[in-house]
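The values are calculated or read from the model by the stated rules, or taken from the named source; none is laboratory data. No experiment lies behind these values; they were computed from the predicted model shown. Here the Cβ positions follow ideal geometry from the backbone for every residue, glycine too, while neighbour counts run over all protein chains shown. Quick note on the areas: whole protein, heavy atoms, side chains included, nothing else; ligands and nucleic acids left out. Shrake-Rupley method; radii C 1.70, N 1.55, O 1.52, S 1.80 Å.
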Amino acid sequence: SVQEFMTFTSQLITERSALGSRASVKEQEYLCHVYVRSDGLAGVVIADTEYPPRVCFTLLDKVLDEFSRQVSKLDWPSGSPTTISYSALDGYLSKYQVQKAPVS
């Protein structure tokens, strides 16, 4: 499934990335943009190849900064969407989503 692909790919590229690094990895028809902060908190944006990488990394910066302020560092390693509430993510995804014009 798409969810399994995204989860597996995100985990794999995060595990292979050094602390304090940013990278873009092509996987199938997507670019996976990963940012692993020096404190170990990481985020991944999976986007099509037309979406600007600079915007992906801006989104990752904002989301990880806000997440680190709202969620205790003690909860990061064992947390999951069912145990950590971070409602701001939906707003960020909505704000950064590109609406494509309908084809006529």
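Of note:
- Every pair of different Cα atoms in the range 2-96 enters the Kirkwood calculation, which places the hydrodynamic radius at 13.9 Å.
- Every pair of different Cα atoms in the range 49-89 enters the Kirkwood calculation, which places the hydrodynamic radius at 11.5 Å.
- Each peptide in 78-87, 32-41 was scored by the mean count of other Cβ atoms within 10 Å over its residues; highest first, the order is 32-41, 78-87.
- If the segment from Thr7 to Ser72 were pulled out straight at 0.36 nm per residue, it would be longer than the present Cα-Cα gap by 21.1 nm.
- Bridgeable aspartates and glutamates around Lys26 (alpha carbons under 15 Å apart, same-chain partners fewer than 8 residues away excluded): Asp48, Glu50.
- Accessible area per residue for the chain, computed on protein heavy atoms with a 1.4 Å probe, is 69 Å².
- Calculated FRET efficiency for the pair Leu93/Asp61, C-beta based, R₀ 22 Å, to 0.05: 0.90
- Rough spin-label spacing in nm, given labels placed 7 Å along Cα→Cβ, for Val25 and Thr83: 2.4 nm
- For the range 2-96, relative contact order (Cα pairs under 8 Å, six or more residues apart, normalised by length) works out to 18 percent.
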